[in-house]
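The structure appears below as structure tokens.
The values are calculated or read from the model by the stated rules, or taken from the named source; none is laboratory data. As the structure is a prediction and not an experimental result, all values here were calculated from the model. Cβ placement follows ideal geometry from the backbone for every residue including glycine, while neighbour counts extend to all protein chains displayed. Note: areas computed on protein heavy atoms with side chains; ligands, DNA, RNA excluded. Shrake-Rupley method; radii C 1.70, N 1.55, O 1.52, S 1.80 Å.
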Amino acid sequence: MDAIVLACAGLIRLGLESRITARLDPKMFLPAVSQGVIGIECRAADSRTLGLVTGLNHGDTRIAMDAERAFAHRLGGSCQSPIAAHARLEGQRLLLDGLVAEPDGSRLLRDSASGSIGDPAALGRLLADRILAAGAGPLLERLRAG
């Protein structure tokens, strides 16, 4: 192969950090929604297990994930949809970048929004609505039908 894109975290864990030649900046290469978030599931009625895993929740990650997932949900996205988003916290502000693209990259609809960390899902929906207004709706419908 001429090139390969791998997660830096995996290479670092393997002791291969010296092999990393470039890191993709999320400002240029938006990741898939909730990329890098680890999910833990358990039975809702299992209070003992819920108590144990609650301490694993990382508040800032949860806020970012909620914004990104609301963005994808409002767009009707799936794992097969050409949708990307990246949320990050700066103090008490939440910044969200999102895009919808043609699968071949010939058209990108990209926008950003910011808001309070108090309602990350609302920020995700707001950004999705703006991208839909820019023309993402017909593009996504065509891909779902195809």
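Consider residue 85 carefully, then state whether it is crowded, with 20+ Cβ neighbours inside 10 Å, touching a Leu at 6+ places or on another chain (Cβ under 6 Å), touching a residue at least 40 places away in the same chain (Cβ under 8 Å) and closer than 11 Å to residue 33 by Cβ. Walk me through how you get there before you give the answer.
Numbers: crowded, with 20+ Cβ neighbours inside 10 Å: yes; touching a Leu at 6+ places or on another chain (Cβ under 6 Å): no; touching a residue at least 40 places away in the same chain (Cβ under 8 Å): yes; closer than 11 Å to residue 33 by Cβ: yes.
The answer is no for residue 85.
Based on this model, can you work out whether residue 96 counts as surrounded by 19 or more Cβ atoms within 10 Å (Cβ to Cβ), hydrophobic (A, V, I, L, M, F, W, C) and either farther than 24 Å from residue 29 by Cβ or within 12 Å of the chain's Cα centre (by Cα) (or both)? The answer is yes for residue 96.
Between a first residue in the stretch 107-119 that is over 15 Å from residue 29 (Cα atoms) and a second residue that is open to solvent by 60 Å² or more (accessible area, probe 1.4 Å) and part of a loop (DSSP other than H, G, I, E, B), which pairs have beta carbons less than 7 Å apart while being 6 or more apart in sequence or on different chains? Final answer for the pair search is 116/92; 117/92. Exactly one residue out of 56, 52, 95 is more than 25 Å from residue 145 (Cβ to Cβ), in a strand (DSSP E or B) and without any contact (Cβ under 8 Å) to a residue 60 or more places away in the chain: that is 95.
Looking only at residues in the stretch 1-36 that are under 19 Å from residue 69 (Cβ atoms) and modelled with pLDDT of 90 or more, which one is surrounded by the most Cβ atoms within 10 Å (Cβ to Cβ)? Give the derivation first.
Step one: of the stretch 1-36, the residues under 19 Å from residue 69 (Cβ atoms) are 26, 30-36.
Pick out the ones that are also modelled with pLDDT of 90 or more and you get 30-34.
Details: 30: 20, 31: 14, 32: 16, 33: 25, 34: 19.
Looking at residues that are under 19 Å from residue 69 (Cβ atoms) and modelled with pLDDT of 90 or more, I get 33.
Identify, from the list 145, 121, the residue that is open to solvent by 50 Å² or more (accessible area, probe 1.4 Å) and of a type in the set (A, V, I, L, M).
Numbers: 121 fails: open to solvent by 50 Å² or more (accessible area, probe 1.4 Å).
Matching residue, one of 145, 121: 145.
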